[in-house]
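Following: one structure in structure tokens, then a few remarks.
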Amino acid sequence: MGPSGSGKSTLLHLIGGLDTPDRGEVLVGKHQFSKMQADEITIFRRHKIGFVFQFFNLLPTLTAEENVALPLLLDGRGIKDIRTRVRDMLELVGLSRRSGHKPDEMSGGEMQRTAIARALVIEPLLLLADEPTGNLDSLAGDQILNLIKTTAEQRRLTVIMVTHDAKAASYGDRLVMLRDGRIASDDDALSLRAGGTR
């Protein structure tokens, strides 16, 4: 969390290997990005990091099923494996019956669940979520946060989420506050769950 311009999205992009730091190191697990070539980072990201964005980033001409399948198709996976994984992911996020619908035929919550399924279909080690509830009403937002938390616990998945919303932050275990590109505080999120504010 942090005010606008504090560096939240920049930090997420650095962790995801989308940006390169001016100094310092980025390590994801045992992988040190400065010692990897750009194509190695791309492959690592494709296999190990799922992304969920505020504006969904779904391709409008593709159905939910096709959007979820896209990362696997780009990775050259076999069609049988793709079909199985996509079916499982759409079931996980509760969209089995909406698999043939395009984004303009879905609600905001359904589009975000499709985006989560797309992020999870690669079976990542890390899920990066940039304001995942920013474009949703409170009910849909709560459903998305519960889905992310439950899935993370079941799959032993690390989630790093950027948010302006204290309620969304309370779903986490750790709260890092940023200010002017620096860590202002680093605590557990217990006070937010107990109704405290920062």
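Note on residue 142 and residue 19: the model spin-label points, each 7 Å out from Cα along the C-beta direction, lie 3.4 nm apart. Within a straight-line Cα-Cα reach of under 24 Å, residue 167 can be paired with the following lysines, leaving aside sequence neighbours fewer than 8 residues apart in one chain: 8, 149.
Among 172, 24, 141, the largest mean-square fluctuation in a Gaussian network model of the chain, built with springs joining Cα atoms closer than 10 Å, belongs to 24. Computed from label points 7 Å out along Cα-Cβ, the spacing between residue 101 and residue 165 is 2.0 nm. Estimated from helical segments only, the mean residue ellipticity of the chain at 222 nm is -12500 deg cm²/dmol, where each DSSP H run of four or more residues counts as -39500 (n - 2.57). Kindly work out what percent of the DSSP beta bridges joining two residues of segment 1-160 are antiparallel, to the nearest 5. If I count the DSSP bridges inside segment 1-160, around 20 percent turn out antiparallel.
Relative to the Cα centre, the charge distribution of the chain, modelled as +1 at Lys and Arg Cβ and -1 at Asp and Glu Cβ, gives a dipole magnitude of about 400 debye. Segment 25-68 and segment 101-154 have Cα centres separated by 16 Å. What you get for segment 111-185, charging only the Cβ of Lys and Arg (+1) and of Asp and Glu (-1), is a dipole of about 200 debye around the Cα centre. Given their separation in residues at 0.36 nm each and the Cα-Cα distance between them, residue 40 and residue 59 gain 4.3 nm when the chain is fully extended. Positive contributions from Lys and Arg (+1) and negative ones from Asp and Glu (-1), summed over other residues with Cβ under 13 Å from the Cβ of residue 40, come out at +3. Take every Cα pair under 8 Å whose residues are at least 6 apart in sequence, average their separation, divide by the length of segment 112-158, and the relative contact order is 41 percent. Loop-located GluC sites (Glu not before Pro) in segment 4-104 (DSSP state other than H, G, I, E, B) with a sparse environment of at most 16 neighbouring Cβ atoms within 10 Å: 25.
Each value in this text was obtained by applying a stated rule to the coordinates, not by laboratory testing. Remember, predicted model here, so these are calculated numbers, not experimental data. Note that we place each Cβ from the backbone using ideal geometry, even for glycine, and neighbour counts take in every protein chain shown.
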